[in-house]
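Colleague: The structure is given below, and queries will be raised subsequently.
The values are calculated or read from the model by the stated rules, or taken from the named source; none is laboratory data. From a predicted model like this one, the values you see are computed outputs, not experimental measurements. With ideal geometry, Cβ positions are generated from the backbone for all residues, glycine too; neighbour counts draw on all protein chains shown.
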């Protein structure tokens, strides 16, 4: 007996609107689908997502087979579905897909209000301090994620790649500690107060990825490195931050720039490719889990950036005498 | 150290100082306002009453009397002078801290709206969905927390038994969601929200850290259960069912689970056995208990905020795409 045919939805596919017209979106496109009943098509997409077989779709969405076939052809023509999910992918295929995601996601992640306000000088100084403080915790957290990933990797080749990466990263928090000192923030006080819960969430999500599968970790690490390895963009960003916020000439951005230069020299932007490239076959289930994990990681980064901006805007500037955080304070923002 | 509950607001009105939360408003005038204001300004940087007295130039007795006013209404948590506490007093303090942080979670915008009957259809069912992921995760974080044998059997078996009794309770909530018309077949394949995952990962890390850290994460949850487990629990759920009739089946599941937990004694603090196992505790261990309780509350807030942020439309309840690698075949 032949297995039931299942159309599969390309990821990501969001349903934005279904009232008068069906509006879908991917990471980069907003797609208006005309010539189909909006609500029924949205429901059909939902049923496809749930894994309903093609021949059962008509009864699932209360349409006749002819309408269902017409809708499926529109979705197929738009490149939103495939007729059958492949059984396996090559490592190169997954690496290419990840690079595509990184490119789309970086655009979304770094065009958010935290990063644009830092670059255009509209962030208040305490948010700049907060950004440095949480970056320090995050970079220090390389020890909690990269070493953990090496320990959990079940593949010796990949473990050694992680170990090399770790050896080149484990002490980079020193750059951020120096930057903090130049802004008169004591790194020991920062250690004492600890990271924001969302900074911990980013590190913990990496650790989860490492527990699940070394390829899940490599995909998450690749997203992080893809942001750091765009040296031209980083240079322009740091230059803008220095111009807006280094009025007393502390050169607090210099250690960050040195860190960026060092990472560029190490070529960490290619680690993900090194991990995936030689793999001949990755099962569809495994590949899907890799994409699910890295997509959740991207969402975690979004939460982190928003929380960082909110926390340091709402609370008074960091005080070296602090013992703890005052998380989710119900106060109005202090003066600039 | 003293902690002013973060949802408490402090403001000056002419010569008055007003300190309030959603339930209580305390007003101070004249000298009392000046002294109270001074205590509140320095409180974040002082660990003991004597440090606070020195910083404010007030007598220790005055400082204590000001702190007592706030402690009575659970606006301030006193974690000073923790060394040398008897186990009985430490447990009492853990109860106080758990209730304090549970209150902070419940004072946030979304839970306040939810229990006032003002949440939307999508938010209520979204809460149910994310709660299902939370209960399913006991097979990660409770499994990790229970997976230890170093210590006395009579202490550790509390952890083993607790996990064994909770292992399949997610099915109660899945059934409740199915009763609300959601697809119980595809729901388990959905990814939780990243904010829910942040909570689950945090709980896992604490489960791995130590028996003490693991047992500490339940304190905030159990403080909530104790608040629920009263003779009027039924009327509480009746209230929610009347506010949200479309989710009756979900609240039936919550009520059933609360009753099961109460019967199994899961509303009592599990930390007591571990305190006995680890005794005598160092100052650092005691500090870690209270930090973990606070961090747990912070992660619950993230989890709840994520629900209100994500579940805005009916489609957000019924559709969250299962991520896949199909795009790799199309490049």
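Colleague: Just checking, how many residues over region A:60-69 are surrounded by 13 or more Cβ atoms within 10 Å (Cβ to Cβ) and part of a helix (DSSP H, G or I)?
Modeller: 5
Colleague: Report, by residue number, each residue of region B:307-331 that is within 7 Å of chain A (Cβ to nearest Cβ) and either in contact (Cβ under 8 Å) with a residue 40 or more places away in the chain or closer than 15 Å to residue A:299 by Cα (or both).
Modeller: If the condition is that a residue be within 7 Å of chain A (Cβ to nearest Cβ) and either in contact (Cβ under 8 Å) with a residue 40 or more places away in the chain or closer than 15 Å to residue A:299 by Cα (or both), then B:318, B:321, B:322, B:323 are the ones that fit.
Colleague: Just to be sure before I move on: is residue B:50 closer than 26 Å to residue B:93 by Cβ and exposed (fewer than 15 other Cβ atoms within 10 Å of the Cβ) in the structure I sent?
Modeller: So residue B:50 fits the description; yes.
Colleague: While we're here: Hey, could you check region B:182-207 for residues that are without any contact (Cβ under 8 Å) to a residue 40 or more places away in the chain and either surrounded by fewer than 18 Cβ atoms within 10 Å (Cβ to Cβ) or away from chain A (no Cβ under 13 Å) (or both) and say which is farthest from residue B:252 (Cα to Cα)?
Modeller: Going through the qualifying residues, I end up with B:185.
Colleague: Does residue B:49 satisfy being out of contact with any helix residue (DSSP H, G or I) (no Cβ under 7 Å at 6 or more places or on another chain) and assigned by TED's automatic domain parsing to the domain that holds residue B:70?
Modeller: No.
Colleague: Filter region A:75-85 down to the residues that are surrounded by fewer than 17 Cβ atoms within 10 Å (Cβ to Cβ), in contact (Cβ under 8 Å) with a residue 24 or more places away in the chain and in a helix (DSSP H, G or I) and list them by number.
Modeller: Within region A:75-85, just A:76 meets the criteria.
Colleague: Taking the stated definitions as given, is residue B:255 under 24 Å from residue B:5 (Cβ atoms), part of a helix (DSSP H, G or I) and assigned by TED's automatic domain parsing to the domain that holds residue B:151?
Modeller: no
Colleague: Within region B:3-26, take every residue that is more than 12 Å from every other protein chain (Cβ to nearest Cβ) and over 24 Å from the mean Cα position of the chain (by Cα) and give me the one that is surrounded by the fewest Cβ atoms within 10 Å (Cβ to Cβ).
Modeller: B:14
Colleague: Also: Do the conditions hold for residue A:287, that is, is it in contact with a strand residue (DSSP E or B) (Cβ under 7 Å, 6 or more places away or on another chain) and exposed (fewer than 14 other Cβ atoms within 10 Å of the Cβ)?
Modeller: So residue A:287 does not fit the description; no.
Colleague: Just to confirm my filter: which helices (runs of 4 or more DSSP H) fall fully inside region A:225-336 and include at least 1 residues that are within 18 Å of residue A:103 (Cα to Cα), in contact with a helix residue (DSSP H, G or I) (Cβ under 9 Å, 6 or more places away or on another chain) and more than 14 Å from chain B (Cβ to nearest Cβ)?
Modeller: Result: A:231-245, A:254-266, A:271-276.
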